[in-house]
Amino acid sequence: MDINDLAYLSIAEASALVAKRVVSPTELTDAVIARAEALDDNLHAYLTRTFETAREEAKEATEEISGGRYRGPLHGIPFAIKDIYETAGVETTAGSKLHTRNIPTADAHAIVLLKQAGAVMLGKLNLHEWAMGGTNVNYFFPTPKNPWDQARITGGSSGGSGLALAAGFCYGSLGTDTRGSIRMPASICGITGLKPTYGRVSIRGIIPLVWSLDHAGPMARSAEDCALILNAIAGYDPEDPTSVDVPADDYAASLGGSSPSLDGIRIGVPRDFFFDASEVDADILRAVEDAIDVLRKLGAEVRNIDFPDPVYHQDNQLFGAESAAYHEERLRDRPEELSTLPRERVATGAAVSGMDYARARWRQLEFKQKVAAILRGVDLILTPTAPVPPLKIADVEPGGPGGIMSRHTAPFNILHLPTISVPCGFGSDGLPIGLQLAGRWWEEGLVLRTAHAYQQATDWHRRRPQL
């Protein structure tokens, strides 16, 4: 197999070949490392490369599998991780140059679980500074470039993950999502990303942004691959106060095979906000309408729904106050560890009153209650992921938040709902477009099944950028 074709296998395809000993973890690891070494000095997906230890881990996995000690579908599969997950003995910067001396002594809980599943660790991926923005236009580190148009942003804050997957530098990644930081890069880079229900995946050992909104989840090239990753990392963590003891499913088994039907699945489309032609790009609206037609043909019932006003319920005081609480000491004693715009955002958050915060929490509860009523009438909510094409890097101030890019994703963080972005087409500019599907709390299986059915009927997720 050509090395580039090897690097673009899905996890499902690669693991099947590994299990049959047709391809070894060493070959997979060499393939993606070769692409990263050839291309990433220009694209900037990685902040820290651990390629030599990855080769050692791949060799060990190859020997284990040859000896009959196969652990499952992630065994020997090369991963790269957003550099906000703590990794034992490997620098964890959170995108801050002045955090480069941070060498954790333990892995984040999700990393522990990935390693137990046998994943090979290639290194740490680029992100927006302190995960505090949606562009990944960086102040301290090189800005990652969109592989479909290198003058454009990757989205953030998990921009390095979106880039690495689209460019064939790894097979899977873990991102974090507070206002859309898994789904925005997934949409913009033409890959798949899932924000699970809040509390489904432990955030212990992840440098926080907003404790009550931070989600950890899988990023990959397909919904099937996200299901395989979620199988490994989902579950209750008694040492994480945000973790909830709700049994996890076998998400891969819930996909419905190679010809899944969506008969009986009810999908609601909120037209007023998410499809506003004055705010949403025409190419994006066209691609999402085409995706709706595909879902109907697969058996889904699609209907328009009313949706609570996201602007009213999405009170930024919640976001600002909690991010300021985490950075309080840094802002007071070490302000140089934040670049100008994040420092201003933290200072603004520090001025939020207790009354403002209480009001924001109440609006969040109201929002959840209203959407719970909607989800008694439909099974899923469908929207475009991003409202506009990716911005040009030259037009974005370093460290800036990203503005409109999180318009459609942030409401689902406030709601804590499981939400996925999958590729659904390309604009006239040749840039990927994402479709967003949200389901009921704890029903990641249905979200993944619907996304998988759509991807079985289309090939958008299989397209590659020309690099």
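The values are calculated or read from the model by the stated rules, or taken from the named source; none is laboratory data. Note that the structure is a prediction, hence the values are computed from the model and not measured. When we count neighbours, we look across all protein chains shown, and the Cβ atoms used for this are built from the backbone with ideal geometry, even at glycine. Heavy atoms of the whole protein, side chains included, go into the accessibility calculation; ligands, DNA and RNA do not. Shrake-Rupley method; radii C 1.70, N 1.55, O 1.52, S 1.80 Å.
Below is a table of values for the structure above.
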read-out: Residue list for the stretch 136-145, restricted to those being open to solvent by 10 Å² or more (accessible area, probe 1.4 Å) and either under 20 Å from Tyr8 (Cβ atoms) or touching a strand residue (DSSP E or B) at 6+ places or on another chain (Cβ under 8 Å) (or both); value: Phe141, Lys145
read-out: Phe169 vs. criteria assigned to a loop (DSSP other than H, G, I, E, B), closer than 16 Å to Ala36 by Cβ and touching an Asp or Glu at 6+ places or on another chain (Cβ under 8 Å); value: yes
read-out: Among (1) open to solvent by less than 70 Å² (accessible area, probe 1.4 Å); (2) at pLDDT 95 or above; (3) of a type outside the set (S, T, N, Q), the one test that Gly257 misses; value: (2)
read-out: Close pairs from the stretch 130-154: first without any contact (Cβ under 8 Å) to a residue 12 or more places away in the chain, partner crowded, with 24+ Cβ neighbours inside 10 Å and assigned to a strand (DSSP E or B), Cβ under 7 Å, at least 6 apart; value: none
read-out: Pick from the stretch 109-136, criterion over 17 Å from the mean Cα position of the chain (by Cα) and assigned to a loop (DSSP other than H, G, I, E, B), ranking: nearest to Pro432 (Cα to Cα); value: Ala119
read-out: Glu397 being touching a Leu at 6+ places or on another chain (Cβ under 9 Å), charged (D, E, K, R), closer than 24 Å to Leu209 by Cβ and crowded, with 22+ Cβ neighbours inside 10 Å; value: no
read-out: Long-range neighbours under 7 Å by Cβ, at least six apart or interchain, first residue of a type in the set (D, E, K, R) within the stretch 325-342, second modelled with pLDDT of 85 or more and in a loop (DSSP other than H, G, I, E, B); value: Glu337/Ser96
read-out: Candidate set from the stretch 215-240 (those that are closer than 17 Å to Glu13 by Cβ and more than 14 Å from the chain's Cα centre (by Cα)); member that is least open to solvent (accessible area, probe 1.4 Å); value: Leu228
read-out: Within the stretch 423-448, considering residues that are of a type outside the set (Gly, Ala, Ser) and surrounded by fewer than 24 Cβ atoms within 10 Å (Cβ to Cβ), the one farthest from Glu224 (Cα to Cα); value: Asp429
read-out: Qualifying residue in the stretch 146-169 (condition: out of contact with any strand residue (DSSP E or B) (no Cβ under 8 Å at 6 or more places or on another chain), at pLDDT 95 or above and surrounded by fewer than 24 Cβ atoms within 10 Å (Cβ to Cβ)); value: yes
read-out: Failed condition for Ser212, given (1) closer than 16 Å to Leu448 by Cβ; (2) open to solvent by 10 Å² or more (accessible area, probe 1.4 Å); value: (1)
read-out: Some residue of the stretch 126-134 being of a type in the set (D, E, K, R) and buried (at least 24 other Cβ atoms within 10 Å of the Cβ); value: yes
read-out: Residue list for the stretch 11-34, filter: surrounded by fewer than 21 Cβ atoms within 10 Å (Cβ to Cβ) and of a type outside the set (Val, Ile, Thr); value: Ala12, Glu13, Ala16, Leu17, Ala19, Lys20, Arg21, Ser24, Glu27, Asp30, Ala34
read-out: Test: residue in the stretch 90-100 that is open to solvent by 60 Å² or more (accessible area, probe 1.4 Å), basic (Lys, Arg), closer than 17 Å to Ala7 by Cβ and free of Cβ contacts under 8 Å to residues at least 60 places away in the same chain; value: no
read-out: Yes/no for Val112 being open to solvent by 10 Å² or more (accessible area, probe 1.4 Å), at pLDDT 95 or above and either out of contact with any strand residue (DSSP E or B) (no Cβ under 7 Å at 6 or more places or on another chain) or not β-branched (Val, Ile, Thr) (or both); value: yes
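Listed here are the residues, each with its yes/no results for (1) within 30 Å of Arg152 (Cα to Cα); (2) polar (S, T, N, Q); (3) modelled with pLDDT of 95 or more; (4) touching a Cys at 6+ places or on another chain (Cβ under 8 Å).
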position: Ser66; (1), (2), (3), (4): no, yes, yes, no
position: Pro73; (1), (2), (3), (4): no, no, yes, no
position: Pro78; (1), (2), (3), (4): yes, no, yes, yes
position: Tyr85; (1), (2), (3), (4): yes, no, yes, no
position: Ala88; (1), (2), (3), (4): no, no, yes, no
position: His99; (1), (2), (3), (4): yes, no, no, no
position: Thr105; (1), (2), (3), (4): no, yes, yes, no
position: His128; (1), (2), (3), (4): yes, no, yes, no
position: Gly133; (1), (2), (3), (4): yes, no, no, no
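Rundown of residues vs (1) under 23 Å from the mean Cα position of the chain (by Cα); (2) among the acidic types (Asp, Glu); (3) at pLDDT below 95; (4) not in a strand (DSSP E or B), yes/no style:
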position: Arg359; (1), (2), (3), (4): no, no, yes, yes
position: Gln369; (1), (2), (3), (4): no, no, no, yes
position: Gly377; (1), (2), (3), (4): no, no, no, yes
position: Ala386; (1), (2), (3), (4): yes, no, no, yes
position: Gly400; (1), (2), (3), (4): yes, no, yes, yes
position: Ile404; (1), (2), (3), (4): yes, no, yes, yes
position: Pro423; (1), (2), (3), (4): yes, no, no, no
